[in-house]
């Protein structure tokens with residue numbers, strides 16, 4: 001089955017944004033665009049690079065024009081842009097010839113399997129509109145197959161729920177959440193944020209021997225996790241409490257204070273979007289946070305690429 005007109009338009013919007021980013025993601029140009037160095041400083045450094053045949057980043061550091069942390073941040077951004085683009089471009093090129101459409105609705109609603117209430121008849125109605133995160137321009141796509149860490153987590157989670165050895169953890173999970181039933185969404189989200197933030201924070205390299213691993217909620221309950229594992233557990237908890245899928249997104253952001261990528265959960269309440277963050281014990285309004293710059297956000301039905309409305313530069317990650 002081919003793509004619908006809507007799907008083609010959505011995919012085209014994301015691909016166009018990525019192409020614009022890829023055309024302007026050279027190290028020197030990114031440094032100039034972000035105001036880290038001037039055009040004149042870049043030209044001088046490029047002249048030195050041509051003369052000495054040394055890496056541009058090394059020359060800029062030696063000339064005290066940038067720090068090692070600034071260089072790492074820009075190089076990391078280059079990498080994640082190219083990584084995401086490669087996955088998206090591949091899926092787009094395959095979409096026309098695939099017998100099945102790469103639709104997000106192929107992902108099972110696994111959290112509903114441990115639901116404490118009917119997820120089909122949720123007390124939380126649909127919202128008329130969803131404000132763009134942090135006032136960014138959003139490009140939506142319904143194809144999630146490029147996000148293998150996300151889709152793979154759901155597959156593993158469903159298998160784990162079938163195992164008898166995990167039933168005690170499932171019952172503990174349900175008992176912990178039972179008291180939150182019937183609360184209005186903002187208060188429910190605050191309770192879930194506090195509950196999950198009690199778990200141990202541990203980096204993936206120590207926990208799993210991998211640089212980036214998206215743990216299932218059961219794995220998280222057993223072993224703790226890092227930022228995206230906290231966000232996934234909170235998402236699953238709220239979904240099992242009947243919060244509609246469209247009211248939640250996991251957002252991968254750039255933490256401008258720490259200059260690192262970070263993951264949070266966004267919940268769209270009737271009072272606006274709120275952030276559930278393992279770095280903050282309190283619920284924070286999504287309209288008043290200057291610390292984070294969104295890269296992409298995702299749920300079980302779609303993903304969104306975030307772009308500053310006044311620039312063509314796109315920050316993205318996979």
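Taken together, the values in this text are just the output of simple stated rules run on the coordinates, not laboratory data. The shown structure was predicted, so the numbers you read here are calculated from the model rather than taken from an experiment. A quick note on method: Cβ atoms are made from the backbone with ideal geometry, for glycine too, and the neighbour counts reach across all protein chains shown.
Values for this structure:
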{"item": "Gained length - residue 63 relative to residue 223, 0.36 nm times residue gap less alpha-carbon distance", "result": "53.1 nm"}
{"item": "Residue order, fewest to most beta carbons within 10 Å, for 117, 269", "result": "117, 269"}
{"item": "Order of 161, 305 - criterion: other Cβ atoms within 10 Å of each residue's Cβ, fewest first", "result": "161, 305"}
{"item": "Theoretical FRET efficiency, 1/(1+(r/R0)^6), r = Cβ-Cβ of residue 123 and residue 172, R0 25 Å, to 0.05", "result": "0.55"}
{"item": "Likely footprinting exposure, 168, 255, 226, 212, fewest C-beta neighbours within 10 Å first", "result": "168, 212, 255, 226"}
{"item": "Förster-model FRET efficiency, 25 Å R0, residue 130 and residue 201, C-beta, rounded to 0.05", "result": "0.30"}
{"item": "Rounded if a/c under 1.5, otherwise prolate or oblate - the stretch 103-318, Cα gyration tensor axes", "result": "rounded"}
